[in-house]
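Asker: Sharing a structure below in structure tokens format, with a few things to ask.
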Number of protein chains: 2
Amino acid sequence: MSETGSVGIVQKQVFELPRYRTVGGASLSDLRIGYQTYGRLSPRRDNTILVCHHFSGTSHVAGRYAPDDPEPGFWDGIIGPGKALDTERYFIIATDTLCNLDVGPAGTAVSTGPASIDPATGRPYGMRFPLLVTEDFVHVQRALLEGLGIGRLAAVAGPSGGSIQSLVWGVTYPERMRRIIAVIPPGLALPAYSVAQFDTWCAPIRLDPAWNGGDYYAGPRPEQGLRRALELITLNALHFDILEQGIGRAWGEPGRDPASSWQARYRVQDQIAEIAAQRAAAIDPNALLYMAKAFQQYDIRDRLERLQAPVLLMPAASDVILPPLLAEQALRQLKAAGRAAELVTIPGNGGHLDGLNRIAEVQEAIRDFLV
Amino acid sequence: MSETGSVGIVQKQVFELPRYRTVGGASLSDLRIGYQTYGRLSPRRDNTILVCHHFSGTSHVAGRYAPDDPEPGFWDGIIGPGKALDTERYFIIATDTLCNLDVGPAGTAVSTGPASIDPATGRPYGMRFPLLVTEDFVHVQRALLEGLGIGRLAAVAGPSGGSIQSLVWGVTYPERMRRIIAVIPPGLALPAYSVAQFDTWCAPIRLDPAWNGGDYYAGPRPEQGLRRALELITLNALHFDILEQGIGRAWGEPGRDPASSWQARYRVQDQIAEIAAQRAAAIDPNALLYMAKAFQQYDIRDRLERLQAPVLLMPAASDVILPPLLAEQALRQLKAAGRAAELVTIPGNGGHLDGLNRIAEVQEAIRDFLV
């Protein structure tokens, strides 16, 4: 793990909050979220960048948990010594959100959510867990930062759902950051199209009889519904070009024409299914429903006058799920409200995922923006 | 029904084929498909335009079944006296495909498919119905045309899945048409992305326990799975802009904040659900699976040298499900193969559905191409 620019091995840490009242008015006790840090906090405590994660992401934003981990954290391309989020200069902190998805059997997140034990009953909350909004994620992140003695941030940044958190930070604690970097963002409110799209992601889980109204923790979980949901999410985050070039219309098995039977398939069908099956092992199905509901509420359009920090919007050119037109619209809205904002497009043909996979290609723009 | 340019009232007719052998080698007997005609066959029988329908469409391409029908057929905008497909000049014929979706309780299609009675058992085929490919639809359409004494067509045209049928016509019976009009087409083969996308449409039906391996005709059908499938299909055929302008983030019920409970929703969620519920009444769930499997096999790239008729490709500018880049690629492939082809884009912000709803806006280009 001595490659240049690598942050090396990283460990999950845990923040505990004895009591928290949600924006919706519910009381939660013994709340826990995981977090990871990179670099060192400066003596003046003014060099922190908070990195927020996407819908199915975690605080694992860079580095590896073990030397043989196949993949590093999702923004490893820009977090490390000499990279845009330079760990020799900045103290990078990332948290697992509340109701994080990644608390399934193979999950790595630490996060209070529907799979947590309800102290009132001694059993998992299931769908009795209170509804959350992004502001709840932000308030708990702020409590963690306060605990570490960190006041003002050098920046808040994140891709997709992480851009939602970053922008909500900007209107919730406007004096607390110098810069906001919103990568592959949905704009300043979740569009109607995306609200409906989140429902299509949730539908397979609810259709699976094993979901059982969310009470599956004592029995088999809705594995098939979860996999179908993740197949849809995986596909939505890609783009025509990258699948065409990478797989095309190759058959799943040589000599087995997909026209010949229901079982015979194209390789792309098998690959999407494999990706989803792998991801499913880490994910709690109820948490997916809660996260979708939280992000469906995202709308800061009526709070733009609170925003102080300049915003960098970074759509991905081939994104079909949150296409560049949404960031372009946000740029116009921010400027119309007299806010400082700029836009830089991430090149590529990989779809929404380019906001993770090709983020290093816009490294210079991020570095310049942070100055 | 005396509006200018209207074809007025139309009736479904039925074509019967005593015996048909599928491309896959299965024997079907007493096969039936519905069809509708507009205008009159010329004495020289050389003025026929075959219009093929999309995935969930039928032969109802123009006119109304009754004066109070709320909507006319899907291409009413270009079919009628004085329109691009001028019924005073052309004889327009449209057929229901084999395994057409629209054979549910409120369906209007006539179509042999999985809901038909298997003469060998006296019960519906269900998933024992043979797999079909687009070439099967085309062969049966040709048998119908033969029966009417129609040899060469003035044109074959259709949107989306209808463009697939039109292009398969072009390589299967190349000498049989003067022109091919492929509207909102997937290109010359179904892209890997779309192959996987069809699976996401089918997944909710298969997840519904009422689907029961396709044997639901004697009991309750997989209504919830079908509705979830149709919600996804409905959303995929739209675009961000049209939903944002038409509905935006309005609440389903005034005063009932969607953040407050699982039951409280945005209006867009209710509207998509309503559209899907209405469509579901017409549709047989198994037929949806069969049609998806048939279109997944679409690939004419290795038969381009057979193609004789010039091709007009008409993508919709805001299409996210079959974006313009697919038609642009097809144009390059056709030209590289020495075929005559041109491309005209349908303007608008309504997504894939603009291939139906805004087709009249490219009327002149179609008229010019048919000359």
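Asker: Beta carbons within 10 angstrom, averaged per residue: use that to sort the peptides B:87-94, B:253-260, highest first.
Answerer: Answer by packing, highest mean first, reads B:87-94, B:253-260.
Asker: When the helix-only estimate is applied to chain A (DSSP H runs of n ≥ 4, each -39,500 (n - 2.57), divided by the residue count), what is the mean residue ellipticity at 222 nm, nearest 500 deg cm²/dmol?
Answerer: -9500 deg cm²/dmol
Asker: Right, another one. Taking chain B as a Gaussian network, where each spring joins two C-alpha atoms under 10 Å apart, which residue of B:Ala264, B:Ala317, B:Ala292 fluctuates the most?
Answerer: Fluctuation is largest for B:Ala264.
Asker: Quantify how strongly other chains surround peptide B:321-329 by giving the mean number of their Cβ atoms within 10 Å of each of its Cβ atoms.
Answerer: 2
Asker: Estimate the FRET efficiency between B:Val371 and A:Ala317 by the formula 1/(1 + (r/R0)^6), using the beta-carbon distance for r and 30 Å for R0, to the nearest 0.05.
Answerer: The formula returns an efficiency of 0.15 here.
Asker: Which order do the peptides A:222-234, A:168-180 come out in when sorted by mean C-beta neighbours inside 10 angstrom, highest first?
Answerer: The peptides rank, most packed first, as A:222-234, A:168-180.
Asker: Shifting gears a bit: Using modelled backbone amide H atoms (1.01 Å from N, in-plane), which distant-in-sequence or interchain residues come within less than 5 Å of A:Ala341's amide H?
Answerer: A:Val311
Asker: HN-Hα J couplings of region A:344-353 from phi, Karplus 6.51/-1.76/1.60, θ = phi - 60°, integer Hz, Gly and Pro as x?
Answerer: Per residue, the Karplus-derived 3J(HN,Hα) values read 10, 8, 7, x, x, 10, x, x, 3, 4 Hz.
Asker: Modelled label-to-label distance, B:Val23 and A:Glu146, 7 Å Cα→beta-carbon offset: nm?
Answerer: Taking the simple label geometry, B:Val23 and A:Glu146 are separated by 6.6 nm.
Asker: Between the alpha-carbon centers of region B:20-92 and region A:268-306, tell me the distance in whole angstrom.
Answerer: Centre-to-centre (Cα) distance: 43 Å.
Asker: Quick check for me: using +1 on Lys/Arg Cβ and -1 on Asp/Glu Cβ, what's the dipole size of the protein assembly as shown about its Cα centre, in debye to the nearest 20?
Answerer: Roughly 100 debye for the protein assembly as shown.
Asker: Continuing with the same structure: If I stretch the segment between B:Ile9 and B:Arg178 completely, what's the gain in nm (0.36 nm per residue apart, minus their alpha carbon distance), one decimal?
Answerer: 58.0 nm
Asker: Distance in nm between label sites at B:Gln278 and A:Gln278, each 7 Å beyond Cα in the beta-carbon direction?
Answerer: Result: 4.3 nm between the two label points.
Asker: Okay, next question. Of A:Gly252, A:Tyr290, A:Gln263, which is farthest on the positive side of the dipole of region A:244-304, counting Cα position, with +1 on Lys and Arg Cβ, -1 on Asp and Glu Cβ, and the Cα centre as origin?
Answerer: Farthest along the dipole direction, towards plus: A:Tyr290.
Asker: Moving on to the next point. Filter the DSSP H helices in chain A by two things, a Kyte-Doolittle mean of at least -0.5 and an axial alpha-carbon span of 15 angstrom or more, and list the hits by number.
Answerer: A:134-147, A:161-172, A:192-207, A:223-236, A:267-280, A:285-296, A:324-336
Asker: Got a number for carbon plus sulfur as a percent of the protein assembly as shown's accessible area, 1.4 Å probe?
Answerer: That fraction is 48 percent.
Asker: Could I ask something else about it? Would you look at the GNM of chain A, springs on alpha carbons closer than 10 Å, and say which of A:Val195, A:Val110, A:Val183 moves the most?
Answerer: The residue that fluctuates most here is A:Val195.
Asker: Rounded if a/c is under 1.5, else prolate if a/b beats b/c, else oblate: with a ≥ b ≥ c from the C-alpha gyration tensor eigenvalues square-rooted, which is region B:204-243?
Answerer: Prolate, because a/c is 1.5 or more and a/b exceeds b/c.
Asker: Okay, moving on. For region A:86-99, what does the Karplus curve 6.51 cos²θ - 1.76 cosθ + 1.60, with θ = phi - 60°, yield as ³J(HN,Hα) per residue in whole Hz, taken in order and with x for Gly and Pro?
Answerer: Residue by residue, region A:86-99 yields 6, 6, 8, 10, 9, 9, 9, 10, 10, 10, 6, 6, 4, 6 Hz.
Asker: Ignoring ligands and nucleic acids, what accessible area does B:Lys293 show with a 1.4 Å probe (Å², nearest 10)?
Answerer: 10
Asker: Peptide B:234-242: average number of partner chain Cβ atoms within 10 Å per residue?
Answerer: Other-chain Cβ atoms within 10 Å of each residue's Cβ, averaged: 4.
Asker: Ok, one more. Hand me the tally of lysine pairs in the protein assembly as shown: alpha carbons under 28 angstrom apart, and the pair either on different chains or 8 or more positions apart.
Answerer: Taking the protein assembly as shown as the scope, the lysine pair count is 4.
Asker: Whose amide H sits under 5 Å from the amide H of B:Leu31, counting only residues 5 or more places off or on another chain, with H placed in the peptide plane?
Answerer: Placed amide hydrogens put B:Leu17, B:Arg19 under 5 Å from B:Leu31.
Asker: If A:Ser261, B:Ser59 are ordered by their accessible area, calculated over protein heavy atoms with a 1.4 Å probe, which sequence runs from highest to lowest?
Answerer: A:Ser261, B:Ser59
Asker: Now, a different point. Let me spell out the model: positive unit charges on the Cβ of Lys and Arg, negative unit charges on the Cβ of Asp and Glu, origin at the Cα centre of chain B. What dipole size does that give, in debye rounded to 20?
Answerer: 920
Asker: Between B:Tyr38, B:Gly24, B:Gly8, whose Cα lies farthest towards the positive end of the dipole of region B:1-49 when Lys and Arg beta carbons carry +1 and Asp and Glu beta carbons carry -1, centred on the Cα centre?
Answerer: B:Gly24
Asker: Once amide H atoms are built 1.01 Å from N in the peptide plane, which residues 5 or more positions from B:Ile346, or in another chain, come under 5 Å H to H?
Answerer: Long-range HN contacts for B:Ile346: B:Ala316, B:Ala317.
Asker: Pull up the DSSP beta bridges for the protein assembly as shown and report the antiparallel fraction as a percent, rounded to 5.
Answerer: 45
Asker: Nearest-5 percent of antiparallel DSSP beta bridges in region B:19-140?
Answerer: 60
Asker: Could I ask something else about it? Mind checking the dipole of region A:1-132: about its Cα centre, +1 per Lys or Arg Cβ, -1 per Asp or Glu Cβ, Debye to the nearest 20?
Answerer: Once rounded to the nearest 20, the dipole reads 540 debye.
Asker: Which net charge results for the neighbourhood of B:Ile117, defined as the other residues with beta-carbon distances under 12 angstrom from its beta-carbon, given Lys and Arg at +1 and Asp and Glu at -1?
Answerer: Taking every other residue near B:Ile117 into account, the sum is +1.
Asker: Based on DSSP, what percent of beta bridges with both residues in chain B are antiparallel, to the nearest 5?
Answerer: Percent antiparallel among DSSP bridges in chain B is about 45.
Asker: Using θ = phi - 60° and the Karplus relation 6.51 cos²θ - 1.76 cosθ + 1.60, list the HN-Hα couplings for region B:52-57 in order, rounded to whole Hz, with x at every Gly or Pro.
Answerer: Running phi through 6.51 cos²θ - 1.76 cosθ + 1.60 with θ = phi - 60° gives 9, 9, 7, 2, 9, x Hz.
Asker: Separate question: Hey, could you get me the Stokes-Einstein D for the protein assembly as shown, Kirkwood radius over alpha-carbon pairs, 20 °C and 1.002 mPa s, rounded to whole µm² s⁻¹?
Answerer: Translational D for this selection: 78 µm²/s.
Asker: Here's another thing I want to ask about it. Roughly how crowded by other chains is peptide A:198-207, in terms of the mean Cβ count from those chains within 10 Å of each of its Cβ atoms?
Answerer: Partner-chain Cβ atoms within 10 Å, mean over residues of A:198-207: 6.
Asker: Kindly report, to the nearest 10 Å², the accessible surface of A:Ser29 as traced by a 1.4 Å probe over protein heavy atoms only.
Answerer: 40
The values are calculated or read from the model by the stated rules, or taken from the named source; none is laboratory data. None of these values were measured; they are calculated from a predicted model. Methodologically, a virtual Cβ is constructed for each residue, glycine included, from the backbone with ideal geometry; neighbour enumeration extends over all protein chains shown. With ligands, DNA and RNA removed, areas are computed over all heavy atoms of the protein, side chains included. Shrake-Rupley method; radii C 1.70, N 1.55, O 1.52, S 1.80 Å.
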